[in-house]
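Take a look at the structure set out below.
The values are calculated or read from the model by the stated rules, or taken from the named source; none is laboratory data. What you are looking at is a predicted structure, and each value in this text was computed from that prediction instead of being measured. Using ideal geometry, Cβ is built from the backbone for each residue, glycine included, and neighbour counts are taken over all protein chains shown.
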Amino acid sequence: MADIFTGPEPDLAGLLAARPALEMHASAGLCFEGVPLNLIAERFCTPTWVYGAASIRARYATLTEAFAEAGLPLHIHYAVKANDHLAILSLLRHMGAGADIVSQGEFLRARRAGIAPAHIVFSGVGKSVPELEAVLAQGIGQINVESAEELDILSATATRLGLTARVVLRMNPDVDAGTHAKITTGLAENKFGIAREDIPALYAKGAGLPGIEMRGLALHIGSQILSPAPYETAYTIAAEMVRGLRAQGQSVSVLDLGGGLGIGYHDEPGMNPAAFAAVVRKTVGDLGVRLVLEPGRYLVGPAGLLLASVLLEKRTAKRFVVLDAAMNELMRPALYEAWHGILPVDAARFHHPQTPADVVGPVCESADCFAYDRALPDLPPSALVALLDAGAYGAVMSSPYNARPRAAAVLIDACTPHLITPRQTHEALWADEHIPGSEL
Ligand code: LLP
């Protein structure tokens with residue numbers, strides 16, 4: 001995020017060095033997980049999302065190993081919102097992940113990818129009654145309740161269906177996660193969770209409500225968190241709360257630690273899983289609870305890039321590099337001033353002199369800008385560039401604005417690129433639309 005990272009911008013070599021899945025070959029150019037991006041553009045055109053299966057598996061393994069080494073059994077529920085592609089969900093299911101979902105649509109996606117209902121947790125500040133009915137009827141593992149009002153609605157819904165909802169209360173610990181304001185969730189002013197002081201009474205109430213089985217607590221303080229310090233503060237508060245609830249005679253068997261583990265968009269280190277696991281052990285390791293983690297970005301963010309072509313370079317008072325990708329594909333820079341590395345795919349160009357350029361898309365919005373004043377070599381029409389670390393909150397947040405069809409997506413597995421989403425046709429954009437009184 002531009003506003004929380006204060007270091008110097010990394011150069012092209014620095015960006016490359018920090019990303020082991022990327023390699024620059026003198027003839028083949030930039031390769032991702034062993035596949036030249038030139039080849040992907042030739043076969044599938046641009047813009048195209050490119051994901052790397054080995055990167056996702058490696059990140060999953062690093063996280064689970066850090067917890068195993070800390071002696072902590074961990075249950076990973078992948079935050080589907082980060083990248084909900086069935087191929088990615090299926091890959092993570094095979095690694096052993098459950099799912100953290102925020103809508104019936106995400107529930108159905110997770111189910112379609114083979115994730116068992118018992119391994120799904122339902123988060124979110126607003127869940128509709130039909131959504132609750134659907135997930136309860138399928139035997140969802142856990143519902144994270146975010147308000148007193150929601151607890152009443154859930155109790156009534158479950159009772160009506162003759163079912164029992166396994167509930168954890170999401171506590172808002174009022175801790176500053178030190179991240180971008182638009183992705184901070186654990187402050188009292190945020191809409192998320194239940195105020196600390198209200199938890200004991202609501203927990204006791206829930207324990208007495210029909211259709212509700214109180215299981216424990218959840219918290220999620222924000223996203224793209226690079227330091228373990230705010231987690232330490234939040235989990236210390238959670239541990240005190242668990243002890244307090246138990247002292248009142250309540251049963252607490254689950255602690256859902258949320259997600260938010262940050263990645264290095266520049267060349268700064270991302271969250272260190274071992275340091276994070278150490279904080280978890282220190283703060284909540286002796287509670288004897290089932291520990292649930294809901295990472296999204298950490299698992300898939302660095303495992304994806306957006307491959308784009310240069311349409312033209314335009315020189316006015318400034319230098320503009322106009323790409324065929326736009327904010328409707330990767331929204332993060334426009335929405336959060338997020339910084340994404342941009343690498344030319346051509347090896348020779350890598351060593352050309354660089355001058356500052358704004359890298360923009362063709363959408364009719366000034367906010368359609370991927371990077372301001374980015375040092376880049378000359379990029380002639382049809383030169384390829386890779387927008388890095390776009391595996392999380394990329395494709396999922398895209399829109400068909402300006403009647404731009406959805407981009408293609410490719411998953412590289414064992415050096416083989418698989419087309420996992422074909423490029424949308426223009427006709428598909430309006431296939432569901434009707435003109436009243438017309439046969440069209
Ligand atoms: N659990 C809950 C309850 C969440 O709300 C989120 C993310 C996660 C887990 C996963 O967080 P992660 O591990 O991915 O940080 N679109 C924004 C990020 C929004 C995150 C929303 N909640 C972005 O592009 O930066």
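Structural remarks
- P377 being within 19 Å of L22 (Cβ to Cβ) and in contact with a His (Cβ under 7 Å, 6 or more places away or on another chain): yes
- Single match in R406, R319 (criterion: surrounded by fewer than 23 Cβ atoms within 10 Å (Cβ to Cβ), without any contact (Cβ under 8 Å) to a residue 40 or more places away in the chain and closer than 14 Å to P47 by Cβ): R406
- Pick from the range 132-148, criterion aliphatic (A, V, I, L, M) and part of a helix (DSSP H, G or I), ranking: nearest to G193 (Cα to Cα): A148
- Residues satisfying the stated conditions in the range 98-123, i.e. free of Cβ contacts under 8 Å to residues at least 40 places away in the same chain and either of a type in the set (D, E) or closer than 15 Å to G259 by Cβ (or both): A99, I101, V102, E106, F122
- Top-ranked residue in the range 322-358 [being free of Cβ contacts under 8 Å to residues at least 60 places away in the same chain and of a type in the set (V, I, T); ranked as nearest to the ligand (Cβ to nearest atom)]: I342
- Of the residues making up the range 236-268, those that are within 16 Å of the ligand (Cβ to nearest atom) and touching a strand residue (DSSP E or B) at 6+ places or on another chain (Cβ under 8 Å) number 10.
- In the range 293-316, of all residues being within 11 Å of the chain's Cα centre (by Cα) and either free of Cβ contacts under 8 Å to residues at least 24 places away in the same chain or farther than 22 Å from L72 by Cα (or both), the one that is farthest from the ligand (Cβ to nearest atom) corresponds to P302.
- A search for C-beta distances below 6 Å between a residue of the range 12-32 that is at pLDDT 95 or above and any residue that is among the β-branched types (V, I, T), counting only pairs 6+ apart in sequence or on different chains, returns G29/V345; L30/V345; F32/V50.
- Looking only at the range 68-125, and only at residues there that are within 14 Å of the ligand (Cβ to nearest atom) and of a type in the set (F, W, Y), the one that is farthest from A54 (Cα to Cα): F122
- Within the range 159-184, tally of residues that are touching a residue at least 60 places away in the same chain (Cβ under 8 Å) and more than 18 Å from V254 (Cβ to Cβ): 7
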